[in-house]
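**Q** Can you keep this structure in mind? I'll have questions shortly.
The values are calculated or read from the model by the stated rules, or taken from the named source; none is laboratory data. What you see is a predicted model, and the numbers here were worked out from it, not measured in a lab. Every residue, glycine as well, gets a Cβ built from its backbone with ideal geometry; the counts of neighbours run over all protein chains shown.
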Amino acid sequence: MRTSALGLGAGMGLGLGGLEALAQTAGPETAGRAIGSGQTPPADPLERRAAGRPEPELDATPRPSPPERRVGWAVCGLGHFAQNYAIPAIGRSAEAKLTGLISGSRDKALAVAGAWGVSEASVYDYGMQGLADNDDVDVVYVITPNAIHEENVIAALEAGKHVFCEKPFAHNSAAAQRMMDAANAADRRIMIAYRAHFEPNNTALKEMVQKGELGDIWYATSDHHRPLDPEVERDQWRMVRALAGGGSLMDIGIYSLNGLIWLLDEVPERLVATTFSPETPDGRFGEIEAIGQVQLVFPSGRRASISSGYVANKKRIDLWGSKAVAVLDPATEYFGNRLTLSTAEGDEMPTPSKPS
């Protein structure tokens, strides 16, 4: 399989476009003079030092790429997450731009297009007819219900676009293989939008594991739960198996399983799983599992327990090592994640390379 990563850049250093823009601000009357100083400093760096004038420090503030050099994104599926997280993130990025919208509701798509400056000609339905001719779209970000990822992803690939697909990638392994085959046939790149692999506390813990700072890890737990509210529009499709492909294990349980596989760099070889769906007056769990619990055995011999649920609100990962116990709690929220190490000397909260 050919796969490679696509990313949404948060910002880059001063590139060629930034230099060109800066050069255009200096006309003949300002050439060779520090803007606002009223003085003409020596042009040669050695002369500057001889005159006691140090070289000016370059401004390291990231500059946005000019619009023609930014990656053009079309968002497929315009629900809560797309409108409140994905599209605003593209709008804030110095390396990306929103150039297309794909939805089953044209009225909704046109309303979003008007709010974000996307032309009506760049609004498509799920068939994506005409998308192949839109050179402003480089990547399609698929944010639709789980069970229709396959048709959306393949349509985007057949239009010649790279794809960034929300988790879970597919509702079963056969669908996932068909999507990968389509990517290879189109010679396009495809990536799953699993954000925790880039979250600073998660990456800090990954580095600790790789360096052996926790010692031998023989047991781990990973629990991800969130309430499911049938009164909230964004949760309604999650109660329909034909759209969701499953319940909490398919949805938020992805964080529990994928988080451990990534942190431990090992795929389990055996498992025992159980699910539970309590009866409720509104029947919200009539088609899906509310609770999932899985016992895992890895080739190294280590054991793990993961769970998922649609009842409470908890997102936590524990790694039990011979030198230390690491706890991510919260582990995979959008904000406020925390990493704590417990050793014989007590607890400490490591500081990740970037704030969460």
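**Q** Quick check on segment 245-299: of everything there that is touching a residue at least 40 places away in the same chain (Cβ under 8 Å) and more than 29 Å from residue 232 (Cα to Cα), which residue is surrounded by the fewest Cβ atoms within 10 Å (Cβ to Cβ)?
**A** Among those residues, the one meeting the criterion is 265.
**Q** I would also like to ask the following. Of the conditions (1) part of a helix (DSSP H, G or I); (2) closer than 26 Å to residue 251 by Cα, residue 91 fails just one. Which one is it?
**A** Evaluating residue 91 over (1) part of a helix (DSSP H, G or I); (2) closer than 26 Å to residue 251 by Cα leaves (2) as the failure.
**Q** Only one of these conditions is not met by residue 154: (1) under 19 Å from residue 250 (Cβ atoms); (2) surrounded by fewer than 21 Cβ atoms within 10 Å (Cβ to Cβ). Which number is it?
**A** (1)
**Q** Now for a different question. Quick check, is residue 257 modelled with pLDDT of 95 or more and under 24 Å from the mean Cα position of the chain (by Cα)?
**A** Judged against the criteria, residue 257 is a match.
**Q** Given the structure, is residue 108 outside any helix (DSSP H, G or I), of a type in the set (Lys, Arg) and modelled with pLDDT of 95 or more?
**A** Criteria not met by residue 108.
**Q** For segment 162-172, which residues satisfy the criterion of being closer than 24 Å to residue 133 by Cβ and either out of contact with any helix residue (DSSP H, G or I) (no Cβ under 7 Å at 6 or more places or on another chain) or acidic (Asp, Glu) (or both)?
**A** 162, 164
**Q** Name every residue in segment 138-160 that is β-branched (Val, Ile, Thr) and touching a strand residue (DSSP E or B) at 6+ places or on another chain (Cβ under 8 Å), in order of residue number.
**A** Scanning segment 138-160 gives 139, 140, 142, 143, 144, 153.
**Q** Something else now. Can you pull out every residue in segment 220-234 that is buried (at least 17 other Cβ atoms within 10 Å of the Cβ) and more than 18 Å from residue 304 (Cα to Cα)?
**A** If the condition is that a residue be buried (at least 17 other Cβ atoms within 10 Å of the Cβ) and more than 18 Å from residue 304 (Cα to Cα), then 226, 228 are the ones that fit.
**Q** Which count do you get for residues in segment 112-150 that are part of a helix (DSSP H, G or I), surrounded by 13 or more Cβ atoms within 10 Å (Cβ to Cβ) and without any contact (Cβ under 8 Å) to a residue 24 or more places away in the chain?
**A** 1
**Q** Continuing with this model, one more query. So in segment 191-219, with the set limited to residues that are of a type in the set (A, V, I, L, M, F, W, C) and within 13 Å of the chain's Cα centre (by Cα), which one is surrounded by the most Cβ atoms within 10 Å (Cβ to Cβ)?
**A** Ranking the candidates gives 196 first.
**Q** Working only within segment 232-244, note down all residues that are assigned to a loop (DSSP other than H, G, I, E, B) and in contact (Cβ under 8 Å) with a residue 40 or more places away in the chain.
**A** Passing the criteria: only 240.
**Q** For residue 277, indicate whether it is under 24 Å from the mean Cα position of the chain (by Cα), polar (S, T, N, Q) and not assigned by TED's automatic domain parsing to the domain that holds residue 170.
**A** Answer is no for this residue.
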